[in-house]
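The next block holds one structure in the form of structure tokens; read it before the comments.
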Amino acid sequence: MHQREQQGCSGEARQALDALGKGGIEARWASGRAGALELALSLIMPRDTVGVGGSVTLDAIGLTEALRSGKLHGGTVTFLDQYRRDLSGEESLSLRHKSLESDIFFSGTNAVTTAGELVNMDGYGNRVAALAFGPKRVCIVAGVNKLVADLPAALARIRGKAAPLNCRRLNRQTPCATLGRCDERNCAAPERICNVLSVIRRQPGGNRITVILVGEELGY
Ligand code: SF4
């Protein structure tokens, strides 16, 4: 039996992993969060600078904590931690810019289609910019709850679930934070998080993006 099947990889997950691979994206399977953390950490090299996009998934697998420990590769790894609470707005913005030139950038994703597309919506665009171009390597960690059939389902997932839950988590003053669902026609809020849409279908040249699909529900 194939190793993925042994570890509970469903037909839908296998389909997505195979499609990602055909698009030049390294696709890995981890049966749980411990395995996902191990895989993610194995991608960090000594003296790397590491950027991250805000992600409940990265927190859940323990990656954010490991990066903040300052212990990776004997302390030679530099974490561009734009989400530290003691940073001023200017300092955080500066780290976002630096993250675009990091050696490796970690992120979650809003959705992964079974056709191998990575679909993300941002408020400012710094996360989707890093996914598309800039950092030398990118690693995306996604729970199986992020799997969807196609692009319309991905957009429905973002507006129906991911964005409202993230707006509540971040205490944004948007219609969805109140209603629990999108009300885009009435969403001109300065704090709106649905402004920049990115769909990655292939990685030209390959060898840059790794997706770790995890056999449990993680993030929104
Ligand atoms: S468009 Fe506005 S209301 Fe709709 S999900 Fe995005 S932030 Fe929420």
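We did not get these values from a lab; they are worked out from the coordinates using the rules stated. What you see is a predicted model; the values in this text were computed from it and never measured. With ideal geometry, Cβ positions are generated from the backbone for all residues, glycine too; neighbour counts draw on all protein chains shown.
In table form, for the structure just shown:
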read-out	value
Sorted by Cβ neighbour density within 10 Å, fewest at the top, the residues Phe105, Phe79	Phe79, Phe105
Spacing of the two label points (7 Å from each Cα toward its C-beta) at Ser69 and Asp81, in nm	1.3 nm
Fluctuation leader among Ile140, Ile200, Ile104 - the chain, Gaussian network, Cα springs under 10 angstrom	Ile200
Theoretical FRET efficiency, 1/(1+(r/R0)^6), r = Cβ-Cβ of Tyr124 and Ser31, R0 41 Å, to 0.05	0.75
Kirkwood Rh in Å, taken over all unlike Cα pairs in region 1-146	16.0 Å
Kyte-Doolittle mean at least 0.0 and Cα axial length at least 30 Å: DSSP H helices in the chain	none
Gain in span if fully extended, Arg168 to Glu216, counting 0.36 nm per residue against the direct Cα distance	15.0 nm
Spacing of the two label points (7 Å from each Cα toward its C-beta) at Asn186 and Asp59, in nm	2.9 nm
Calculated FRET value between Arg208 and Leu41, using beta carbons and R₀ = 22 Å, to 0.05	0.75
FRET E, pair Ser92, Arg201, Förster distance 41 Å, beta-carbon r, rounded to 0.05	0.85
The chain, helix-only ellipticity at 222 nm - DSSP H runs n ≥ 4, -39,500 (n - 2.57), divided by all residues, nearest 500	-9000 deg cm²/dmol
GNM result for the chain, Cα springs below 10 Å: residue of Ser99, Ser69, Ser107 fluctuating most strongly	Ser69
Magnitude of the charge dipole, region 1-144, Cβ model with Lys/Arg +1 and Asp/Glu -1, debye to 20	180 debye
Selected from Thr49, Thr178, Thr113 as most flexible by GNM, with the chain as the system and alpha-carbon contacts under 10 Å	Thr178
Relative contact order (%) - the chain, alpha-carbon pairs under 8 angstrom, separation at least six	29 percent
Dipole of the chain, positive direction: furthest Cα of Ala60, Ala153, Gly215, with charges on the beta-carbon	Ala153
Among the listed pairs Lys22/Lys161; Lys71/Lys136; Lys71/Lys98; Lys22/Lys146, those beyond 27 Å (Cα-Cα)	Lys22/Lys161
Karplus-derived HN-Hα couplings along region 131-136 (A = 6.51, B = -1.76, C = 1.60, θ = phi - 60°), whole Hz, x at Gly and Pro	5, 7, 6, x, x, 5
